[in-house]
Amino acid sequence: WQLLAGLRWDHFEADSLSLLNNGRARRTTVALNPRLGVVWSPLAAHSFYVSYSKNFIPSGGADTVSLSTANSGAGSNVNALDPQFSRQLEFGVKSDWFDKKISTTLAVFQLDLYNRRTQVSSSPDLFVLTGLERNRGVELSVNGQLAPDWFIRSGFSVQNARIVEAKSCAACGTNVQGKRSPGVSSANGSAFVSYAPAQGFFAEAGLVHEGSRYVDVANQLDLPAYTRWDAKAGYRFPKVELTFAVINLTNRSYYATATGLSQIMPGTPRSALLSA
């Protein structure tokens, strides 16, 4: 049996001033966040664990500037909002196989985000507290040695992220309760196979997959799923290592992230890096 316990105390102050309208917003946040984990290893090659953690994101920072200048005095300054909190509960098993050449981790998790700040699509300067978002999922990773000088590193997750409780918001223009959480896909993962001897030629190739994700809390627009191929090759000398890596090998067009209906970031086109 192994036990891990921790406690974190934070004191955060935000003070913003708008030079356009002389509006000022101040807020002080104090939070106490625990962390607890227990590991049980009944067998030499298998360990079962459970962990719980809590954390918070205070109001302030980049959001403060745009909101205080645009809407100070209108009651929409982000400093007036309570901090965001998260809590995560996870169960899993970590195992070694084939004389510890392959290791796997299988985890079942629930991640709750409450007092979540969400940008209103129709009014980018306005943030609202959507209540409770919950993400439940299963994650599997496989890493290790497949054969002499051949290795694998991979991970895949299936998850369901939903808005469980939504506080009323006339500015949102829709009832967001039950909607999918923006920016979270239902399935994603990666798998890479490499040939990596201690000296000489080495190479690695694999894929990165991301499922479709909604851009906004109202689920008006989703970013389509994509699969991207990456690869690298190189040579190891006794004191020098040369590596040529290519991201997005097939030059796939895709959308990587979005912070709203009007701010969608395309993925990186084919790019190469030579390093020594």
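The values are calculated or read from the model by the stated rules, or taken from the named source; none is laboratory data. Quick caveat, the model's predicted, so the values are computed rather than measured. All Cβ positions, even for glycine, are placed from backbone atoms using ideal geometry, and neighbour counts span all protein chains on display. Only protein heavy atoms, including side chains, enter the accessible area calculation; ligands, DNA and RNA are left aside. Shrake-Rupley method; radii C 1.70, N 1.55, O 1.52, S 1.80 Å.
The one condition from (1) among the acidic types (Asp, Glu); (2) under 30 Å from Asn115 (Cβ atoms); (3) surrounded by fewer than 17 Cβ atoms within 10 Å (Cβ to Cβ) that Glu210 does not meet is (3).
For the range 231-274, please list each of the strands (runs of 3 or more DSSP E) lying entirely inside it that holds at least 2 residues being farther than 15 Å from Ala205 by Cα and open to solvent by 100 Å² or more (accessible area, probe 1.4 Å).
So the answer is 263-266.
Name the residues in the range 1-29 that are in a strand (DSSP E or B), aliphatic (A, V, I, L, M) and exposed (fewer than 12 other Cβ atoms within 10 Å of the Cβ), would you? Answer for the range 1-29, where residues must be in a strand (DSSP E or B), aliphatic (A, V, I, L, M) and exposed (fewer than 12 other Cβ atoms within 10 Å of the Cβ): Leu3, Leu4, Ala5, Leu7.
Evaluation of Tyr49 against the conditions (1) out of contact with any Phe, Trp or Tyr (no Cβ under 6 Å at 6 or more places or on another chain); (2) closer than 16 Å to Leu81 by Cβ shows that the sole unmet condition is (2). Residues that are open to solvent by less than 30 Å² (accessible area, probe 1.4 Å) and modelled with pLDDT of 95 or more number at least 2 in the following strands (runs of 3 or more DSSP E) confined to the range 77-196: 84-97, 102-114, 132-147, 150-165, 187-195.
Might you let me know whether the range 197-210 holds any residue that is among the charged types (D, E, K, R), out of contact with any Phe, Trp or Tyr (no Cβ under 7 Å at 6 or more places or on another chain) and closer than 27 Å to Asn135 by Cβ? No: zero hits. Considering the range 213-226, the residues that are of a type outside the set (Asp, Glu) and open to solvent by 40 Å² or more (accessible area, probe 1.4 Å) include one that is farthest from Phe127 (Cα to Cα), namely Ala225.
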